[in-house]
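Novice: Below you will find the structure I want to go over with you.
The values are calculated or read from the model by the stated rules, or taken from the named source; none is laboratory data. Note that the structure is predicted; figures quoted are calculated from it, not measured. We place every Cβ from the backbone using ideal geometry, glycine too, and count neighbours over all the protein chains shown.
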Amino acid sequence: MFLLQIQHEVRQFIRSPLALLLFVFLAGCMAFGVWNGARDLAQKRGAAEAMLQKQTEKFARLQAQADSINRNLKAEKRWWLDPTSALVIGEFDRGGWAVVLEPASLSILATGLSDLQAEAEVLKISGSAVRSSSDFENPVNLTFGTFDLAFVVTFLLPLFVIALTFNLVSGEREQGTLALLLSQPIVARQLFGLKMLARFSLLGGLVLAVMLSLLAAAGISLAEPALWQAAGLVLLYTLFWFLLALAVNLRGQSSAFNALACVAGWLLLVIVVPALVNLAAEKARPIPSRAVFQNDLRTADLEVARQKERILTEYFQQNPQFVRKADEQKGDKDWWIEEFAVLDFDQSLKDSLADAFEAKAHQQADFAQSLLGLSPALAVHYQLVTLAGTGREATGGYQQNIKKQQQEWSASMRTKYLADQKLTNTDYEAFAALPTRVRAEADMGNAASGGWWLLMQCFLVGGLVWLVSRRPW
Amino acid sequence: MISTIARQEFRSILREKRFQMATLALSLLFLLSLYGAYDYYASLQRQHAEAAQIARGHWENQKDKNPHSAAHYGTFAFKPAYPLSFFDRGVDAFTGNTLFLEAHKMNESKYRAATDRSELARMGTLTPAFILGVLFPLFIMVLGFGAVAGERESGNLRLLLAQGVGPTRLFFGKALGLWNAVLLLAAPFLLLGALGLLLPGAGAEDWQRYFLLALAYLLYLGCFVHLVLLVSAWAKRQNVALVASLGVWVFVCLIVPKAAVNVAKHQYPTPSWQMYYEGIKQDLEEGVDGHDPADAYTQKLEKETLQQYGVDSVQHLPFNWDGFIMQKGEEHETYVFQKHKDGLLNIYAQQQQVHAVASVLSPYLLTSIASHRLAGTDVYSYHHFLAAAEKYRIALVGEMNGELTQNFKYGDWEGKRSKAFFASNQRFDYQRPVLAQVWPGVSPALLLLVGWWLVSGLACLLIFNKLRVL
């Protein structure tokens, strides 16, 4: 019976110009979304590679200059350009070590927050300097958002499903064929369920085939587990809308009413509820303006200045190899010894401010995430972004990695400078071996939790279908 | 005859359950959006005003130091908020909130609000502009899809035309009836929206801007009245009319804006960080470096200056050479940074042209452009602020270098200035662009909207004149 139904659905699909047109349009949108994602990924990778290439060339030049200086073949009078100085290479503009955030290949799926993220950070003794091409992106483009695959799946795919299923049952009734079908020895509920399942199998299969083909053409390996998780999410999401359309159809109203009801459902779940959730998150967990944070950082500088005497006294007690000098007797190195002495206190104070601010931002994000169950659009969008590695969690993971590498860089360069060690070929070879990339990976764990939400929503709508189908036909 | 048809259309819409339910839903959402928006401007304005005061306090109370050190210490400017930002937040979330003003560098603004929010925030926030720009047109499509197609299906259209109702009158009657239903809701919305201007900070100009904003949205909604009648007249059946109307809405409000963004980005890409700063670095090397006496351009300038004043060393100049060269370096750096900034703004202008072309397919784009600009939350207003902040930075650093040049001896880097001096330095007092300045950017969008409304109306007339009864 199911196979018969599938054959019937295929025939109907092929014979319907509207269905074919809609499918071609959806496939076209998916292709455009994947193409945009692939181009953005290629651009980001290109920018990151260019940065690393420049760094390799720069450090090769610095190494050659340092070698000449160490062998007394030449001298560098401008101390702030001396390539043998751990201070210059560790901290000044000439130096610093760039680490790029390599986007995950699945970032083609969803732009998420990647259009706002930095592509690299340059590690310095005193912290890290962000390198972000998104600083130059037109804010108008950022406001309207990207046409990516996640947009097509979240917003357009349900409309495609609704357009082809709003008259799943009512169409048969209006054509007069429903009475004929129900006169056959078949349970009405079974008939409608089979119809929906057959149409879902056909359309869901087609959508999946298009999606997987496009992603494979864009260079994503079909062996990638996250890809299949994304495929599963898209299928579940499609199933939700099929079930909703069936539940509406089973109320026994006209096709026009069904269309309106399905569209109202789409509007509510895809447009209104997400907007309401974001509003609620803003109100329930407000984040202060970063203007406040900026001033707090400057106030922290004053606190560091107030604590400086105590910190320096402790430092020179713990480091008797260094002698504290009066200001008029200090040379460059003496000034830097004192700067390094307060650096850790300064950084920990500012980190605590940043953590407090981040905590507020996390609270707002967590609040919004706690409401994923209210809308399948929220759930699927969140999951696709998480799988693509372009969400907040991916950024947070990257930041922790960078922080660790920066602390190692800072400790190493400070030690060398304070010990008056000149940078030699050995040091430059060690630099070349330092990690230059941090990868943003798909967060399978978080995305799985989102999948559970979708599954639950499908069960809920399935339950609704069962309830509505109990009415007599 | 037109008024009869209009009255009939209006009454039948009012009686429909979908109108009542949609009105209730839309009204609730609009009230919620006002609740959500009412303190957006007030809160942001308060935080930024306080931040500006604190930043000024940091500047004035910095420890005694050399003026050039103070120029490096720098200060901050904070992006202002405007009263109408409660209505339409525009690009606010994607532009930096704080700008560090220091010597030798034109910094990019930092801390975009969007980076602090979750990925779900990109799915939209409920604001009055969102309701009027995205949801209200769908409401119009739902009300009007059966205006002609329904008459055709029920057989009324044949009767109407048989009784001598001309297609033109039919169109005007239907349009007027539907428009009355739309105004029944849109007018209270726009009046309620104006309540936001009663909050402190809004002036007479904000009322003028709001009036133009309301006009833009009314024109925009008028376009959708025409679009839905066009679709309804074209479609054979109501089902088809509904699907097609929905398709038009999706195309205009969702697909075209995003597609235009991607086309603009790919046609006129912005530079990567690497490219942008490599360009700046190269150009900086072609001029004076105030910190490097061995720099070739510095030495050339030194030679020329010594010749000009007829002295043989910088110590004998009637001013402090250190301050003078710092200022010359600053001027060169400012020129370079501005040159590259102008290049970037040129790319934005080219991208905006792509958006303008795409607006032929989407009045939503046009309305957004006009709405953002009138609310002061557009890119132009943002760059006006940045330009003013840059002017202030140049003036402030100029004050520091001027003090060094005129009142310090050459070689004296130990000399300091204290609070009295820093408190006397000029303050950053930003005045937003007035309506007259913004008008050249708004008027084309409004005119194009009028054009859209007229053309869509003409297209409707054409279709109505070719009406089929079956």
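Novice: If A:L235 passes every condition in (1) more than 21 Å from A:K195 (Cα to Cα); (2) modelled with pLDDT of 90 or more; (3) surrounded by fewer than 22 Cβ atoms within 10 Å (Cβ to Cβ); (4) within 22 Å of the chain's Cα centre (by Cα) but one, which one does it miss?
Specialist: So A:L235 meets the others, but not (1).
Novice: Here are some conditions: (1) surrounded by 18 or more Cβ atoms within 10 Å (Cβ to Cβ); (2) out of contact with any helix residue (DSSP H, G or I) (no Cβ under 7 Å at 6 or more places or on another chain). B:F408 meets all but one. Which one does it not meet?
Specialist: Result: B:F408 fails condition (2) only.
Novice: Any residue in region B:265-282 that's farther than 14 Å from B:E333 by Cα and facing another protein chain (nearest Cβ under 7 Å): show its pairings with residues that are aliphatic (A, V, I, L, M) and assigned to a helix (DSSP H, G or I) at Cβ separation under 6 Å, as long as the two are six or more apart or on different chains.
Specialist: Pairs that qualify, where the first residue is farther than 14 Å from B:E333 by Cα and facing another protein chain (nearest Cβ under 7 Å) and the partner is aliphatic (A, V, I, L, M) and assigned to a helix (DSSP H, G or I), are B:T270/B:I347; B:S272/A:A47; B:Q274/A:A50; B:Q274/A:M51.
Novice: Pull out all pairs, ordered by first then second residue, where Cβ-Cβ is under 6 Å, the residues are six or more apart or on different chains, the first lies in region B:12-23 and is under 17 Å from B:G173 (Cβ atoms) and surrounded by 15 or more Cβ atoms within 10 Å (Cβ to Cβ), and the second is aliphatic (A, V, I, L, M) and at pLDDT 90 or above.
Specialist: Going by the 6 Å Cβ cut-off, the qualifying pairs are B:I13/B:L143; B:I13/B:A181.
Novice: Ok, one more. Within region A:120-158, which residues are within 11 Å of chain B (Cβ to nearest Cβ), under 30 Å from B:N107 (Cα atoms) and of a type in the set (S, T, N, Q)?
Specialist: Hits for region A:120-158 are A:S132, A:S133, A:S134, A:N138, A:N141, A:T143, A:T146.
Novice: A follow-up question, please. Taking A:W79 as the residue in question, decide whether it is exposed (fewer than 13 other Cβ atoms within 10 Å of the Cβ) and touching a residue at least 60 places away in the same chain (Cβ under 8 Å).
Specialist: When the stated conditions are applied, A:W79 passes them.
Novice: Still on this structure, please answer the following. Which one of B:Q315, B:Q327, B:Q308, B:Q350 is of a type in the set (S, T, N, Q), on the phi < 0 side of the Ramachandran plot and either within 14 Å of chain A (Cβ to nearest Cβ) or assigned to a loop (DSSP other than H, G, I, E, B) (or both)?
Specialist: Answer to the selection: B:Q350.
Novice: Can you pull out every residue in region B:58-87 that is closer than 27 Å to B:D378 by Cα and in contact with a Gly (Cβ under 8 Å, 6 or more places away or on another chain)?
Specialist: B:K79, B:Y82, B:P83, B:L84, B:S85, B:F86, B:F87, listed by residue number.
Novice: Find the residue count for region A:159-194, including only residues that are within 11 Å of another protein chain (Cβ to nearest Cβ) and assigned to a helix (DSSP H, G or I).
Specialist: Residues in region A:159-194 being within 11 Å of another protein chain (Cβ to nearest Cβ) and assigned to a helix (DSSP H, G or I): 8 in total.
Novice: Can I ask one more? Filtering region B:35-53 down to residues that are surrounded by fewer than 17 Cβ atoms within 10 Å (Cβ to Cβ) and of a type outside the set (S, T, Y), which residue is nearest to B:R427 (Cα to Cα)?
Specialist: B:Q53
Novice: Something else: Identify, please: which residue in region B:96-112 is touching a strand residue (DSSP E or B) at 6+ places or on another chain (Cβ under 9 Å) and outside any strand (DSSP E or B) and is, among those, farthest from B:H332 (Cα to Cα)?
Specialist: Looking at residues that are touching a strand residue (DSSP E or B) at 6+ places or on another chain (Cβ under 9 Å) and outside any strand (DSSP E or B), I get B:S109.
Novice: Give me the helices (runs of 4 or more DSSP H) completely within region A:270-377, filtered to those with at least 3 residues that are of a type in the set (G, A, S) and away from every other protein chain (no Cβ under 11 Å), ordered by residue number.
Specialist: Of the helices (runs of 4 or more DSSP H) lying wholly inside region A:270-377, those with at least 3 residues that are of a type in the set (G, A, S) and away from every other protein chain (no Cβ under 11 Å) span A:332-370.
Residues are listed down the side, and each one gets a yes or a no for (1) closer than 30 Å to A:C262 by Cβ; (2) surrounded by fewer than 18 Cβ atoms within 10 Å (Cβ to Cβ):
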residue: B:A244; (1), (2): yes, no
residue: B:V250; (1), (2): yes, yes
residue: B:A260; (1), (2): yes, no
residue: B:Y268; (1), (2): no, yes
residue: B:Y276; (1), (2): no, no
residue: B:H291; (1), (2): no, yes
residue: B:A294; (1), (2): no, yes
residue: B:T298; (1), (2): no, no
residue: B:Y309; (1), (2): no, yes
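Novice: Now a separate question. Just checking, which of A:D40, A:D115, A:D67 is farther than 30 Å from B:L246 by Cβ and in a helix (DSSP H, G or I)?
Specialist: Only one candidate passes the filter, namely A:D67.
Novice: Another question, if that's okay. Find the residue count for region B:55-95, including only residues that are facing chain A (nearest Cβ under 10 Å), buried (at least 17 other Cβ atoms within 10 Å of the Cβ) and outside any strand (DSSP E or B).
Specialist: Within region B:55-95, residues that are facing chain A (nearest Cβ under 10 Å), buried (at least 17 other Cβ atoms within 10 Å of the Cβ) and outside any strand (DSSP E or B) number 15.
Novice: Residues that are within 30 Å of B:V228 (Cα to Cα) and crowded, with 20+ Cβ neighbours inside 10 Å: does region B:112-122 have at least one?
Specialist: yes
Novice: Within region B:104-146, can you find the residues that are closer than 23 Å to B:A233 by Cα, away from chain A (no Cβ under 11 Å) and small (G, A, S)?
Specialist: Correct list: B:G144 only.
Novice: Please indicate, with yes or no, whether at least one residue in region A:108-121 is over 31 Å from the mean Cα position of the chain (by Cα) and crowded, with 23+ Cβ neighbours inside 10 Å.
Specialist: The answer is no; no qualifying residue exists.
Novice: Could I ask something else about it? Need a quick list: helices (runs of 4 or more DSSP H) entirely within region B:113-219 having at least 1 residues that are under 21 Å from B:L14 (Cα atoms).
Specialist: The helices (runs of 4 or more DSSP H) meeting that bar are B:136-144, B:149-154, B:156-162, B:167-194.
Novice: Determine which single condition B:G343 fails, assuming it passes every other condition in (1) part of a loop (DSSP other than H, G, I, E, B); (2) at pLDDT 90 or above; (3) loosely packed, with under 15 Cβ neighbours inside 10 Å.
Specialist: (1)
Novice: Name the residues in region B:367-405 that are acidic (D, E), away from chain A (no Cβ under 13 Å) and crowded, with 21+ Cβ neighbours inside 10 Å, would you?
Specialist: Across region B:367-405, the qualifying residue is only B:E403.
Novice: Would it be correct to say that B:E153 is among the charged types (D, E, K, R), in contact with a helix residue (DSSP H, G or I) (Cβ under 9 Å, 6 or more places away or on another chain) and buried (at least 24 other Cβ atoms within 10 Å of the Cβ)?
Specialist: When the stated conditions are applied, B:E153 does not pass them.
Novice: Do you know which residues across region A:256-269 are at the interface with chain B (Cβ under 7 Å from one of its Cβ atoms) and small (G, A, S)?
Specialist: Scanning region A:256-269 gives A:A256, A:A259.
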